[in-house]
Amino acid sequence: MKTVQVNDKKFSLYISENEIKEQVKKVAAGMNEELAGKKPLFLVVLNGAFMFAADLLREIDIPCEVSFVRVSSYEGTTTTGKVKQLIGLNENIEGRTLVIVEDIIDSGITMREMLRMLKEKNPADVRVASLFVKPGNLQVELDIHYRCFDIANDFIVGYGLDYDQEGRNLPDIYKILE
Ligand code: 5GP
Ligand code: MG
């Protein structure tokens, strides 16, 4: 069993680079078919989705645009606590077809907030593409149009995803060893 040490934790190989590539190609093929003629704007959510986006977009062969956003949480001054903010969106997205490119959907709360913030700007259509989904942890109802892997609730690292900011450079996906 191949293992890696990331910071203070040990992880074992879970999904190989080749398996990821294969799934990414399939998802891209679906997008090429369904989004042809719509000139989609891909919104890549940094930091985690950078590697997924780089591989995905090389498989997209229809006219499209790419932009990068960040979701930041900060402690609000009200009793509602954590507030999410969308940073980096400079395009006018009114009437556009958007594809949010995300690394992983866990509780789904980040994505729900992002959808809410984007829909306020009146896009024609917003689609969600996530490399990973943890269906067992989903707390909100979400339409996830494109996904590469449904996974169990284990913590994973690699291929853009970090553990304490480390491990994003690993080409494969590893899961935590208890
Ligand atoms: P959600 O709002 O869906 O609960 O949170 C999604 C975010 O949690 C992801 O964008 C990611 O930053 C983080 N996350 C959730 N599960 C994992 C995981 O297994 N590994 C890593 N590295 N991040 C995760
Ligand atoms: Mg993310």
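The values are calculated or read from the model by the stated rules, or taken from the named source; none is laboratory data. Computed from a prediction, not measured in an experiment: that's the story for all the values here. Cβ atoms come from the backbone with ideal geometry, glycine included; neighbour counts cover every protein chain shown.
Figures for the structure shown
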| quantity | calculated |
| --- | --- |
| Residues satisfying the stated conditions in the range 92-112, i.e. more than 14 Å from the chain's Cα centre (by Cα) and either among the acidic types (Asp, Glu) or closer than 22 Å to Gln23 by Cβ (or both) | Glu94 |
| Matching residues in the range 3-16 - criterion: being surrounded by fewer than 15 Cβ atoms within 10 Å (Cβ to Cβ) and either in contact (Cβ under 8 Å) with a residue 24 or more places away in the chain or closer than 26 Å to Glu65 by Cβ (or both) | Thr3, Asn7, Lys10, Ser12, Ser16 |
| Residues of the range 129-152 satisfying the condition of being assigned to a strand (DSSP E or B), within 11 Å of ligand 1 (Cβ to nearest atom) and not hydroxyl-bearing (Ser, Thr, Tyr) | Leu131, Phe132, Val133 |
| Neighbours by Cβ (under 8 Å, 6+ apart or cross-chain): first from the range 45-59, over 19 Å from Val133 (Cβ atoms) and of a type outside the set (D, E, K, R); second away from ligand 1 (no atom under 16 Å from the Cβ) and modelled with pLDDT of 95 or more | Leu57/Phe42; Leu57/Cys64; Leu57/Val66 |
| Enumeration of residues in the range 116-131 that are of a type outside the set (D, E, K, R) and touching a Leu at 6+ places or on another chain (Cβ under 8 Å) | Met117, Leu118, Pro123, Val126, Val128, Ala129 |
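Here is a yes/no grid of residues against (1) at pLDDT 95 or above; (2) away from ligand 2 (no atom under 16 Å from the Cβ); (3) among the aliphatic types (A, V, I, L, M):
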| residue | (1), (2), (3) |
| --- | --- |
| Ile104 | yes, no, yes |
| Lys121 | yes, yes, no |
| Asp125 | yes, yes, no |
| Ala152 | yes, yes, yes |
| Ile156 | yes, no, yes |
| Asp162 | yes, no, no |
| Ile173 | yes, no, yes |
